[in-house]
Amino acid sequence: MFQYLENERGSAIAMLLLIAVVLLILGTALITNAITEKKIAVHQELGTSLYYIAEAGLEEAIAVKIKDFDFIDNIENISCGEGKYDVEINKETEFKHCIESTGELKGKKLTLGAIVELSDLYKKAVLVSENLTIEKTTINGDLHCNNHLSIKGPENRLLPTGELAGSLTYSCPVNKIDWEGGNGSIEVGGELYSKGNPFPGDWRVEPIPLPEIDLNQILNQHLFTKISGKKEWREAPGYGKVLDKDGKERQYLYIEKGDLTISPGPGEEFIFDGILVVDGDVEIKGSGRVNFEGMIVAKGDLFVKNKVNVGLEDKKVVVLAADKDVKVFGEQNDCPENPVFGGDLLLFSKGGEVTIGHQKMKGEQFIMDGIIFAKKTAIYNCNLTYIPGLSDMRQRYFPAYGLVVTAWFQP
């Protein structure tokens, strides 16, 4: 009987040892699993934090590129929470740049990237119009016509500049390409095209929509000084000045229910930096100097009969926008001494016509650097050169004419 009890006692001890071993294994497994889950959670939290840090670098770089697409530099050692990021920007083409942002936290790194490009409207043309007429004109850059193209006379050329090939595209049917009764021609890519040698069919592409300008956005975005009635200025008035975010003093003037004439006399100088919005027509004339940087928006017509920003060392950016017609020396007269405009120019007509020069004007070609968007455009005796570079003003007020993120990637 004692032997039986000893056997029972031995079996119980063995069972207890077995249960203890099983519990130890289960406890170890549970502890190991808890530690592993904690490590996974910490790793996931680190990975998420790294992702947001790298993303913050991308967002900063994209914001910089929106304001200045030509910015090519590194953004280094920027603190972000407990970590930091470094951004590298590389230029792949004139219109396509690569951004790589590397986030760093607790000795770990993560890199995210984006490809940013300028929109098709920006890349494809120095000149985009629904209805386009050119005569004795050289265009250094690309052009596109949506609806009706008229080529007058033999002295028309498209030449490459920068990364623009000097190409021509159109969206209109062939019967809406007018060769002036067979006398018109244009040289593209070294080959002369005419009624007898028409454009290749693959030059016909989808229409490029014209940009829009939002006047209410302009008026609401800035503190404008409002003036009522017709005005004629020989020099810029001293009011309406505002200290902008960049610390530069600019003027924001809105003329309600009136027209504006800018007409400096001999020896006088009209100097303005900012935005002029006019309910009616705007005319720039006179014999004095006109030095202007910024934007003029006319709800009526906008006529330029005086040179602007000529002879200045600093490059100025000027946007001339009108609901109706924009005319630059659009009368029969001798061409003034070139250039007509100094710096970078954008001409925009919402519903009217942009006219540069006159069919019967004499003298040398106008020399102009800039871009034209209009429903109807007529250019005579002009040498127009595309200027790359996206100014902050164009990006803000012409949303279609700006930066696009075309790809996101993780190297």
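The values are calculated or read from the model by the stated rules, or taken from the named source; none is laboratory data. In this text, all values refer to a predicted model and were calculated from it rather than measured experimentally. Glycine also receives a Cβ, built like all others from the backbone with ideal geometry; neighbour counts cover every protein chain displayed. Remember, those area values only see protein heavy atoms, side chains included, never the ligands or the DNA or RNA. Shrake-Rupley method; radii C 1.70, N 1.55, O 1.52, S 1.80 Å.
For the stretch 324-341, which positions are surrounded by fewer than 20 Cβ atoms within 10 Å (Cβ to Cβ) and modelled with pLDDT under 85? Residues satisfying the conditions are Glu331, Gln332, Asn333, Asp334, Cys335, Pro336, Glu337, Asn338, Pro339.
The residue of the stretch 313-323 that is nearest to Gln221 (Cα to Cα), among those that are open to solvent by 60 Å² or more (accessible area, probe 1.4 Å) and in contact with a Gly (Cβ under 7 Å, 6 or more places away or on another chain), is Asp323. Of the residues making up the stretch 389-400, just one is of a type in the set (Ser, Thr, Tyr) and either surrounded by fewer than 21 Cβ atoms within 10 Å (Cβ to Cβ) or modelled with pLDDT of 85 or more (or both), namely Ser391.
Of the residues making up the stretch 151-181, just one is loosely packed, with under 15 Cβ neighbours inside 10 Å and of a type in the set (S, T, N, Q), namely Asn175.
Could you tell me whether Thr225 is modelled with pLDDT of 85 or more, in contact with a strand residue (DSSP E or B) (Cβ under 6 Å, 6 or more places away or on another chain) and farther than 30 Å from Val277 by Cβ? Here the answer is no, as Thr225 does not meet what is asked. Being over 27 Å from Leu346 (Cβ atoms) and either surrounded by 16 or more Cβ atoms within 10 Å (Cβ to Cβ) or polar (S, T, N, Q) (or both) holds for only one residue in Gly184, Gly201, and it is Gly184.
Let's see how each residue does on (1) within 24 Å of Gly370 (Cα to Cα); (2) buried (at least 19 other Cβ atoms within 10 Å of the Cβ):
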site	(1), (2)
Ile255	no, yes
Asp273	yes, no
Ile284	yes, yes
Leu302	yes, yes
Asn306	yes, yes
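Within the stretch 368-388, the set of residues being surrounded by fewer than 20 Cβ atoms within 10 Å (Cβ to Cβ) and over 16 Å from Gly141 (Cα atoms) comprises Lys375, Lys376. Per the listing Asn197, Asn216, the residue uniquely without any contact (Cβ under 8 Å) to a residue 24 or more places away in the chain and in a helix (DSSP H, G or I) is Asn216. Scoring Ile53 on the criteria (1) surrounded by fewer than 16 Cβ atoms within 10 Å (Cβ to Cβ); (2) at pLDDT 85 or above; (3) part of a helix (DSSP H, G or I) leaves a single failure, condition (1). The residue list Lys124, Lys84, Lys65 contains one member that is at pLDDT below 90, in contact with a Leu (Cβ under 9 Å, 6 or more places away or on another chain) and either surrounded by fewer than 22 Cβ atoms within 10 Å (Cβ to Cβ) or aliphatic (A, V, I, L, M) (or both), which is Lys124.
The criterion of at least 3 residues that are within 16 Å of Leu58 (Cα to Cα) and touching a residue at least 24 places away in the same chain (Cβ under 8 Å) is met, among strands (runs of 3 or more DSSP E) falling completely within the stretch 72-114, by 83-91, 96-105.
Beta carbons closer than 9 Å, at least 6 apart along the sequence or on distinct chains, pair a first residue in the stretch 226-253 that is open to solvent by 90 Å² or more (accessible area, probe 1.4 Å) with a second that is of a type in the set (Gly, Ala, Ser) and in a strand (DSSP E or B) for Lys241/Gly274; Glu249/Gly274.
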